[in-house]
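Accompanying notes for the structure given below.
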Amino acid sequence: MLFPSGMRSQSVDGFSLVEVLIAAAIFVTGVAAVLQLVTLAASSDLGARHRTEAAVLAAQKIEELLNLPWGTESGADDQRGAYLRRWDVQPLAANPQSALTLDVRVTIGGGEQARLLAVKVRRSR
């Protein structure tokens, strides 16, 4: 189309280089944020898995200690894969003749993951 002064009209189809660069920057920022969230979620999931496995190992040891005959319980530790289980058996201060406290701790890589406490009571016959 020609204007009276002989100038052509400029076409406004498409995007300018500045618009494309701004859109690309926004897109890259969004993708980077999503990747950070994925990384954080994966790390959190792994930590939760370790804590759950540690709690199960601690609960298993508590059950073992509760089912032992009275007087045969003792403190010790054992290795279960990457996990280290430690337990301690002490007379309960309020009733040392017929009650024991069972303290089980499970660690992985030096950091405590789970700790369970229980009381074992001697049943009268």
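The values are calculated or read from the model by the stated rules, or taken from the named source; none is laboratory data. This structure is a prediction, so every number in the text was calculated from the model and none was measured. Cβ sites come from the backbone with ideal geometry, for glycine too, and all protein chains shown count toward neighbours.
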Contact list, first residue from the range 105-125 and closer than 13 Å to Arg51 by Cβ and at pLDDT 85 or above, second anywhere and of a type outside the set (D, E, K, R) and in a loop (DSSP other than H, G, I, E, B), beta-carbon distance below 9 Å, six or more apart or interchain, is Ile108/Gly81; Ile108/Ala82
With criteria (1) at pLDDT 85 or above; (2) over 30 Å from Arg123 (Cα atoms), Ser11 comes up short on (1)
Picked from the range 25-48 (must be of a type in the set (A, V, I, L, M) and within 14 Å of the chain's Cα centre (by Cα)), the residue modelled with the lowest pLDDT is Leu46
Within the range 52-103, the count of residues that are part of a strand (DSSP E or B) and not charged (D, E, K, R) comes to 12
Scanning the range 77-88 for residues that are within 17 Å of Ala59 (Cβ to Cβ) and out of contact with any helix residue (DSSP H, G or I) (no Cβ under 7 Å at 6 or more places or on another chain) gives Asp77, Asp78, Gly81, Leu84, Arg86, Asp88
Of the residues in the range 66-80 that are within 27 Å of the chain's Cα centre (by Cα) and at pLDDT 85 or above, the one that is surrounded by the fewest Cβ atoms within 10 Å (Cβ to Cβ) is Gln79
